[in-house]
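Let me begin by presenting the structure, written as structure tokens, before commenting on it.
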Amino acid sequence: MAATSQRYSELYPEVTIQWEKRTLQEFADAPIQALVATYDLLVIDHPWAGYAAHSGALLPLNEHLPASFMQDQAKHSVGASHASYEFDGRQTALAIDAATPVAAWRSDVLERLGAQVPERWEGVLSLAKSNQVVFPAIPIDSLMNFYMFCQAHGEVPFTTEDTVVSREIGQAALETLRELASLCRKAIFQMNPIAVYESMTASDDIAYCPFAYGYSNYAREGFSRTKLAFGDLVAFGANGPLRSTLGGTGLAVSSACAHREEALRYAQFAASPIVQRTIYTAAGGQPGHRGAWTDEETNRWTGGYFAQTLPALDRAFVRPRYNGYLHFQDHAGDFVQEYMMQGGDTKRILQQMDRLYHESLTISKEKQV
């Protein structure tokens, strides 16, 4: 974002754009209602779309940007990235970044071990028994992985307002996560995806990560001590490759923006196909426009990262985005992580998750009234 802002100011010297950073955890947790009065432009997570649509905190970009531009964004979405920011007919943000958990590995470590990149879940467990596997297991990532394994066992979560998922499927998902976690070092419970990749590149004793939100930087020469290779997720049972949970970021314009036209013009610039494919990606970005993911040059920079992980992005699961969902997301991962660490009664864990789910739906209905 700093690189695109610098170039934009060079093209339009009368406009200065200054970004302030948030931590990865703040990005997931911090309420946008506390930011829209202070900032003209925001980078947001798509589960905020419901709140933004109901509160009017963000400009509906489909009403302010050219129809041809919005059509191109939709046509060239990476998976459901563009659609994930649309709620009740309001496009709350432009998908400038696309991400989902993908597999990562150290080719040199695998070669030293005489091992292959796993293709099936059984291969992941086998490699984990040699203490060669890590994955992010802080609460938010544990919850996203819970959604993934619910689907791996045959059920999409949140299909009814009664339960997050059926007891049978929820138990199977929790037990699958705990089985893998029990074979991994305890440090994973303090790791987010960046910490996983830093650990994999800083030492030579970790071979494989089966799923973590992808960061193309780690596939680039010179970014870290050594490069990682990235690819699609393993197959699980008879249901084919795992279906991970969509992440990414969106560029939004505050409804309180005092410089609306300038902000909208910059947003269109930053999300444009040419900028996404060139300036944005060259500066370390992971673009939201599909043209950048299929481009020969961006894949040359990243050892094929974009082409090799695109299938996982295209099938990724979109979290609920109703106004109130974030109450569930903020707390439910604690229970998933608890079971992964300690085991216990899956029925109690799922009951606690259902309680949070019902509370979040109550928040949604109260807001609508």
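The values are calculated or read from the model by the stated rules, or taken from the named source; none is laboratory data. Remember, predicted model here, so these are calculated numbers, not experimental data. Using ideal geometry, Cβ is built from the backbone for each residue, glycine included, and neighbour counts are taken over all protein chains shown. Each accessible area value is taken on the protein alone, full model and side chains, heavy atoms only, with ligands, DNA and RNA left out. Shrake-Rupley method; radii C 1.70, N 1.55, O 1.52, S 1.80 Å.
Reported count of residues in the stretch 217-239, each being part of a loop (DSSP other than H, G, I, E, B) and among the aromatic types (Phe, Trp, Tyr), is 2. Here is the figure for the stretch 176-210: residues that are part of a helix (DSSP H, G or I), open to solvent by 10 Å² or more (accessible area, probe 1.4 Å), under 19 Å from THR245 (Cβ atoms) and not hydrophobic (A, V, I, L, M, F, W, C) total 2. If I filter the stretch 331-346 down to residues being open to solvent by 70 Å² or more (accessible area, probe 1.4 Å) and touching a helix residue (DSSP H, G or I) at 6+ places or on another chain (Cβ under 7 Å), which single residue comes out as farthest from GLN171 (Cα to Cα)? My answer is HIS331.
Residues in the stretch 103-134 that are of a type in the set (S, T, N, Q) and either surrounded by 15 or more Cβ atoms within 10 Å (Cβ to Cβ) or not in a loop (DSSP other than H, G, I, E, B) (or both): SER107, SER126, GLN132. Tell me, please, whether a residue that is closer than 22 Å to TYR215 by Cβ, in a helix (DSSP H, G or I) and touching a Ser or Thr at 6+ places or on another chain (Cβ under 9 Å) can be found in the stretch 149-167. No: the stretch 149-167 contains no residue that is closer than 22 Å to TYR215 by Cβ, in a helix (DSSP H, G or I) and touching a Ser or Thr at 6+ places or on another chain (Cβ under 9 Å).
Conditions tested, residue by residue: (1) of a type outside the set (Phe, Trp, Tyr); (2) under 20 Å from LEU41 (Cα atoms); (3) touching a helix residue (DSSP H, G or I) at 6+ places or on another chain (Cβ under 7 Å).
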| residue | (1), (2), (3) |
| --- | --- |
| ALA258 | yes, yes, no |
| GLU262 | yes, yes, no |
| ALA270 | yes, yes, yes |
| ILE274 | yes, no, no |
| THR278 | yes, no, no |
| ASP295 | yes, no, yes |
| ARG300 | yes, no, no |
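Checking each residue in the stretch 315-327 for being open to solvent by 20 Å² or more (accessible area, probe 1.4 Å) and either basic (Lys, Arg) or within 14 Å of ALA98 (Cβ to Cβ) (or both) picks out ARG315, VAL318, ARG321.
With respect to ALA312, determine if the residue is part of a helix (DSSP H, G or I), modelled with pLDDT of 95 or more and either buried (at least 18 other Cβ atoms within 10 Å of the Cβ) or aromatic (Phe, Trp, Tyr) (or both). Lay out the reasoning, then the answer.
Working: part of a helix (DSSP H, G or I): yes; modelled with pLDDT of 95 or more: yes; either buried (at least 18 other Cβ atoms within 10 Å of the Cβ) or aromatic (Phe, Trp, Tyr) (or both): yes.
So ALA312 fits the description; yes.
Restricting attention to the stretch 315-354, the residues that are more than 20 Å from PRO210 (Cβ to Cβ), among the aromatic types (Phe, Trp, Tyr) and outside any helix (DSSP H, G or I) add up to 1.
In a residue-by-residue description of the stretch 309-326, the property of being under 20 Å from PHE223 (Cα atoms), touching a residue at least 12 places away in the same chain (Cβ under 8 Å) and either out of contact with any Lys or Arg (no Cβ under 7 Å at 6 or more places or on another chain) or not charged (D, E, K, R) (or both) applies to at least one position.
Among the residues of the stretch 135-160, what is the count of those that are open to solvent by 20 Å² or more (accessible area, probe 1.4 Å) and touching a helix residue (DSSP H, G or I) at 6+ places or on another chain (Cβ under 6 Å)? So that I can check it myself, show each step before the final result.
Looking only at the stretch 135-160, we keep the residues that are open to solvent by 20 Å² or more (accessible area, probe 1.4 Å), and these are 138-140, 151, 153-156, 158-160.
From the residues that got through so far, the ones that are touching a helix residue (DSSP H, G or I) at 6+ places or on another chain (Cβ under 6 Å) too are 139-140, 153, 155.
Total meeting the criteria: 4.
Is it the case that the stretch 260-279 has a residue that's open to solvent by 20 Å² or more (accessible area, probe 1.4 Å) and under 23 Å from ALA212 (Cα atoms)? Within the stretch 260-279, not a single residue is open to solvent by 20 Å² or more (accessible area, probe 1.4 Å) and under 23 Å from ALA212 (Cα atoms).
If only one of GLN33, GLN18, GLN71 is closer than 24 Å to ALA316 by Cα and surrounded by fewer than 15 Cβ atoms within 10 Å (Cβ to Cβ), which one is it? Show your work before the answer.
Working: GLN33 fails: closer than 24 Å to ALA316 by Cα; GLN18 fails: closer than 24 Å to ALA316 by Cα.
One residue alone meets the criteria, GLN71.
On the stretch given as the stretch 214-255, residues that are of a type in the set (A, V, I, L, M) and at pLDDT below 95 total 1.
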